[in-house]
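To keep things clear, I will list the structure first and then write my remarks on it.
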Amino acid sequence: MSLQSEILDGLALPDWNSSISQVKNSVRNAIRAIDQRVVIEDTDYFNHTFAPDFVLSWPGSPTNEARPVFLRLKDAVRSLVEDLSYVGGDDPLLLGLTSFAAESDDSVDRQQTVGEGARRDSTPRGAMVTEPDAFEQLAPRPNVEFGNYVSSALLRSGRGIVTEETSAELGDASASFFAAARVHDGSDLERSAESLREHLAVPEAERLVSFGRVVWEATGGSPVDFPVSAELSGRTDDLSLQFLLTEQIDADVDFWRAIGRGLRLEDLFALGAGDWPNVRRFVEANADRLRARAFKLEGAQGALSFQESDVGWSIGRKQLIAVFGSATAYFALRKGDLPPTKDEPRTGLTLRDLTARTSGRTVGSIEVSVGDERVTISGNEIDTSSSPSVSAMLASAQSRATEVTVDVEQKALECNLRERTASAPTAGLFSIQALLAEAVPILVGDLGAEIASYAERIGSPAVPEAPPGTPTELSELNTGLSGDDES
Amino acid sequence: MDVDGTVACDAAFALTQYRGVVRYRLVVPPLTGEETQARGAEGADRAKRWLEATCRANVLWNNPDKLPKKLQFRKASAAEGSEAKGDWFSFDLGGTFEGGDEHGQQFLAEVKMYEDDGSSLGGMFRDFLACCYRVEDLLGPTHYDRYLWITWVPFLGSKWSELQTETFVKAAIDEKDYRSATALGGAAYDSTLGERVAEKVIIVILSSKQERFLALSDGELPEVLKALVDIRRAS
């Protein structure tokens, strides 16, 4: 049943409350069909001159926009547009509840003039005036790639008088815009962009064009051939990224790598926490570029085994989160942003086990504890003959390595073997890929083999090896170790 | 000149000659149906806006042509189930009161916007009373709490103190057969209903200056309404 039919059925109900409830429910459903992410606040007003019926908002949107929606029992476009002067400058959306009345011929010019007036509202985005059949058509068409993007944009900042004909034109333009971006058809893209720009507020139109350019380049188009100029940079902006991470998109690794160009972990955090469908594809394609300063692994107990198809990536409040079966990895920009430890505290590794885990790596320093005593051994002190007290400490059966600093991506990575965390002691950042491939085996040994193996398969090829001549490897340490404790 | 009688010109000035004296008389052509309808819509719009600007009324319903069964009622003389247009009458606006003891009470309103002349309003007001009587008879005493008569022109000044009395309601219905058909349809007049109508009627005389100078500004109103929602919820 069409929106108009539902509304008319609702209006026909004799009981006032039931009538209003049904009409508003129908409109609410239509709004939801246009943009599933919108939050719809019902104000409990209906057809009020000054108070909106609904207020729409988009949590997590970087612009924190909210759009009031006014329902109107009017069909004269002129009268609807005149109502704009009473509802204030918040870029409202006026939805007539019945089809626009046919205007007499001699009022056509006035209608066009009034339409221009609606588009030239004093607010940056402008108001939209529409009616049920047109409004319903703003919903994304099935099988149109990125159709949700334009529908959402029109709901957020569409402007002008949108008739059924206009709505159909916008749907056509939406489909052809992204199709043209994919196949790099400049003239078709330019024509579609012009049509869409006419009914979108300037910032939204710019964002749309920028997104189109991202798609253009991500699919192999040359940036210099993109036909439409845009104020925003070629980097994917927050709203576009939000869209890309949530929508059904048929795209390969190269597309996601192109999208990820220039994006950082903080850009993901800015979107807000969420289990977004495409996060995994995005992260895996950009695992060598997304960089974190702190890492934590929890829950890796016993034989850790997982199906790669079940690996889950999500965005936490201030962490990027990966789930590998019973183990969870956290990536953050500060050590303080890692979640509190839930696992049982560990005692550290025997030096023999540490040797095994760091074999082939460049070790900068080790912190060793025996009871309450702690000593940090730098690379220069690893030769035990120069320090008898240190040698004795290292030889003790109770000695445990609690921290080790290794070279990863030519920077020092400090691994805490008790907390199973790794972080940069200075301002350094490490790729997601390197943290999984290098830190996990150190923190959990063989338990992390599958995770490390997974890391090798994502992002771009392996991190370059450390240059020669750096501090000696732990295997040179001769301590007469005992015991099989491991953290 | 030899003009004899009145000649209507395009400019709406009539040229007459009477006993050799030429006079010009302004002839105002009557409003077309479309113009009347447009004026009616404008009046309903302005009344709705003013009522809601008081922050004491939510005018939920306007445009009765688009609202079957909402602001429209069958005349008493109409056959049961008749859908013929002539068997129905409608009010212009319907809504509820906000705040105070009247919170949630429902009202119907008739709006007459005749800027020039109130001479026909007396008859229209009497028609309105007949319609209110019919609604009271049809739906009982608790369905609608108030009937608002809204106009921009004073009327029936010499009878002002009588307009909201049962006597006036009865006289209005009895005066014309069509009003009697609307209200009674052949049934006897019930003074209890007439008293209810008289008590429930509110007469509102607006003026353009009142709308302009004595209402909150459009910018203030949304904020005031928001605050009132909280105040009324708390009470």
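The values are calculated or read from the model by the stated rules, or taken from the named source; none is laboratory data. Keep in mind that this is a model prediction, so the values were computed, not measured. Using ideal geometry, Cβ is built from the backbone for each residue, glycine included, and neighbour counts are taken over all protein chains shown.
With the checklist (1) within 21 Å of A:Gln301 (Cβ to Cβ); (2) surrounded by fewer than 23 Cβ atoms within 10 Å (Cβ to Cβ); (3) at pLDDT 85 or above in hand, flag the one item A:Leu436 doesn't pass. A:Leu436 satisfies all of (1) within 21 Å of A:Gln301 (Cβ to Cβ); (2) surrounded by fewer than 23 Cβ atoms within 10 Å (Cβ to Cβ); (3) at pLDDT 85 or above except (2). A single member of B:Asp92, B:Asp145, B:Asp117 is under 20 Å from B:Val59 (Cα atoms) and out of contact with any helix residue (DSSP H, G or I) (no Cβ under 6 Å at 6 or more places or on another chain), and it is B:Asp145.
For region B:126-143, which positions are closer than 19 Å to A:Trp16 by Cα and either surrounded by fewer than 19 Cβ atoms within 10 Å (Cβ to Cβ) or among the acidic types (Asp, Glu) (or both)? Those that are closer than 19 Å to A:Trp16 by Cα and either surrounded by fewer than 19 Cβ atoms within 10 Å (Cβ to Cβ) or among the acidic types (Asp, Glu) (or both): B:Glu136, B:Leu138, B:Leu139, B:Gly140, B:Pro141, B:Thr142, B:His143. Can we say B:Lys159 is basic (Lys, Arg) and under 15 Å from the mean Cα position of the chain (by Cα)? Answer is no for this residue. Of all the listed residues (A:Arg125, A:Arg141, A:Arg191), the sole one being modelled with pLDDT of 90 or more, surrounded by fewer than 24 Cβ atoms within 10 Å (Cβ to Cβ) and either in a helix (DSSP H, G or I) or not β-branched (Val, Ile, Thr) (or both) is A:Arg191. Can you tell me which residue in region A:307-365 is surrounded by the fewest Cβ atoms within 10 Å (Cβ to Cβ), limited to those that are of a type in the set (A, V, I, L, M) and over 25 Å from A:Arg289 (Cβ atoms)? Per the criteria, the residue is A:Ala356.
Got at least one residue in region A:194-206 being free of Cβ contacts under 8 Å to residues at least 60 places away in the same chain, of a type in the set (Gly, Ala, Ser) and under 24 Å from A:Gln36 (Cβ atoms)? Yes, that holds for at least one residue. Total residues in region A:76-102 satisfying the condition of being in a loop (DSSP other than H, G, I, E, B), modelled with pLDDT under 85, within 9 Å of another protein chain (Cβ to nearest Cβ) and over 25 Å from A:Ser152 (Cβ atoms): the figure is 3.
Residues that are modelled with pLDDT under 95, within 14 Å of another protein chain (Cβ to nearest Cβ), at negative phi and surrounded by fewer than 13 Cβ atoms within 10 Å (Cβ to Cβ) do not occur anywhere in region B:115-125.
Selection within region B:101-113: residues that are over 25 Å from B:Ser207 (Cβ atoms) and outside any strand (DSSP E or B). The member of this set that is farthest from the other protein chains (Cβ to nearest Cβ) is B:Asp101. Does B:Glu102 qualify as being among the charged types (D, E, K, R) and in contact with a Leu (Cβ under 7 Å, 6 or more places away or on another chain)? No. Scanning region A:11-25 for residues that are assigned to a helix (DSSP H, G or I) and within 11 Å of chain B (Cβ to nearest Cβ) returns A:Leu11, A:Trp16, A:Asn17, A:Ser19, A:Ile20, A:Val23.
Restricted to region B:75-98, and to residues there that are over 20 Å from B:Thr142 (Cβ atoms), touching a residue at least 40 places away in the same chain (Cβ under 8 Å) and not hydrophobic (A, V, I, L, M, F, W, C), the residue that is farthest from the other protein chains (Cβ to nearest Cβ) is B:Ser77. Given the condition modelled with pLDDT under 90 and either facing chain A (nearest Cβ under 10 Å) or surrounded by 21 or more Cβ atoms within 10 Å (Cβ to Cβ) (or both), answer yes or no: does some residue in region B:41-52 qualify? So far as region B:41-52 goes, yes, one or more of its residues are modelled with pLDDT under 90 and either facing chain A (nearest Cβ under 10 Å) or surrounded by 21 or more Cβ atoms within 10 Å (Cβ to Cβ) (or both).
Among the criteria (1) modelled with pLDDT of 90 or more; (2) surrounded by 24 or more Cβ atoms within 10 Å (Cβ to Cβ), the one A:Glu169 does not fulfil is (2). Of all residues in region B:213-235, those satisfying the criterion of being part of a helix (DSSP H, G or I), within 13 Å of another protein chain (Cβ to nearest Cβ) and farther than 18 Å from A:Val55 by Cβ are B:Glu220, B:Arg232. Checked against (1) part of a helix (DSSP H, G or I); (2) hydrophobic (A, V, I, L, M, F, W, C); (3) surrounded by fewer than 15 Cβ atoms within 10 Å (Cβ to Cβ); (4) away from chain A (no Cβ under 14 Å), B:Ala187 meets all criteria but (1).
Hey, any hits in region B:167-179 for a residue that's surrounded by 18 or more Cβ atoms within 10 Å (Cβ to Cβ) and assigned to a loop (DSSP other than H, G, I, E, B)? Looking for residues that are surrounded by 18 or more Cβ atoms within 10 Å (Cβ to Cβ) and assigned to a loop (DSSP other than H, G, I, E, B), one finds none in region B:167-179, hence no.
Scanning region B:129-169 for residues that are at pLDDT below 95 and charged (D, E, K, R) yields a total of 2.
None of A:Asp44, A:Asp53 is at pLDDT below 90, within 14 Å of chain B (Cβ to nearest Cβ) and over 26 Å from the mean Cα position of the chain (by Cα) except A:Asp44.
Of all residues in region B:54-74, those satisfying the criterion of being at the interface with chain A (Cβ under 7 Å from one of its Cβ atoms) and more than 13 Å from A:Asn47 (Cβ to Cβ) are B:Pro68, B:Lys69.
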